[in-house]
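J.: Can you keep this structure in mind? I'll have questions shortly.
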Amino acid sequence: MRQLMMALMLAGAASVAQACPSLLDHRYTSLQGKPVNLCEFEKRPILVVNTASKCGYTPQFEKLEALYKQYRGRGLVVLGFPSNDFNQELDTNREIAEFCKLTYFVEFPMVEKGSVRGPQANALFRQLAAATGQDRKSTRLN
């Protein structure tokens, strides 16, 4: 009986692991070097934001952080994806993290700097582009 219970528990754990939608089945590293598994956010609303520290829209960090603080208790996740695709991001993840924290008091999760457009885009942004029919090679999102 004990072996059957263990087998059922393992089977249940395997089915839960497989339940993560493919759109969220991605792992990244945070600006601070910690793992970020998007499957952890599966049942939560997620606002995915392409960011750049030297962009004219950088002050949006303040409003994004306010939104995150206001609604995180209800499950909202604001998830930042810094990118230098438009030549407006700082050089290192550490610089980005320090800038966001010290200038805009950002606490919402942000992943390491990467690409968000074209064939070099990270997997999530490639899937989002495919799902929406948007060609991210030439489209600037702000």
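J.: Kindly indicate whether any position in segment 73-89 is crowded, with 19+ Cβ neighbours inside 10 Å, in contact (Cβ under 8 Å) with a residue 40 or more places away in the chain and outside any strand (DSSP E or B).
T.: no
J.: Here is a further query. For residue 106, indicate whether it is aliphatic (A, V, I, L, M), outside any helix (DSSP H, G or I), in contact with a Phe, Trp or Tyr (Cβ under 8 Å, 6 or more places away or on another chain) and within 17 Å of residue 24 (Cα to Cα).
T.: In short, no.
J.: Consider residue 7 carefully, then state whether it is among the small types (Gly, Ala, Ser), surrounded by 10 or more Cβ atoms within 10 Å (Cβ to Cβ) and either at pLDDT 95 or above or touching a strand residue (DSSP E or B) at 6+ places or on another chain (Cβ under 9 Å) (or both).
T.: Criteria not met by residue 7.
Yes/no per residue for (1) open to solvent by 90 Å² or more (accessible area, probe 1.4 Å); (2) within 13 Å of residue 106 (Cα to Cα); (3) at pLDDT 95 or above; (4) in contact with a Cys (Cβ under 9 Å, 6 or more places away or on another chain):
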{"site": "27", "(1), (2), (3), (4)": "yes, no, yes, yes"}
{"site": "31", "(1), (2), (3), (4)": "no, yes, yes, yes"}
{"site": "38", "(1), (2), (3), (4)": "no, no, yes, yes"}
{"site": "47", "(1), (2), (3), (4)": "no, no, yes, no"}
{"site": "57", "(1), (2), (3), (4)": "yes, no, no, no"}
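J.: Still on this structure: So is residue 100 under 18 Å from the mean Cα position of the chain (by Cα), modelled with pLDDT of 95 or more, over 26 Å from residue 134 (Cα atoms) and in a helix (DSSP H, G or I) or not?
T.: Yes.
Yes or no, residue by residue, for (1) touching a strand residue (DSSP E or B) at 6+ places or on another chain (Cβ under 7 Å); (2) closer than 15 Å to residue 79 by Cα; (3) in a loop (DSSP other than H, G, I, E, B):
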residue: 23; (1), (2), (3): no, yes, yes
residue: 28; (1), (2), (3): yes, yes, no
residue: 32; (1), (2), (3): no, yes, yes
residue: 36; (1), (2), (3): yes, yes, no
residue: 39; (1), (2), (3): no, yes, no
residue: 43; (1), (2), (3): no, yes, yes
residue: 50; (1), (2), (3): yes, yes, no
residue: 55; (1), (2), (3): no, no, yes
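The values are calculated or read from the model by the stated rules, or taken from the named source; none is laboratory data. These numbers were taken from a predicted model, which means no experiment stands behind them. Counting neighbours? That spans all protein chains shown, and the Cβs are built from the backbone with ideal geometry, glycine included. With ligands, DNA and RNA removed, areas are computed over all heavy atoms of the protein, side chains included. Shrake-Rupley method; radii C 1.70, N 1.55, O 1.52, S 1.80 Å.
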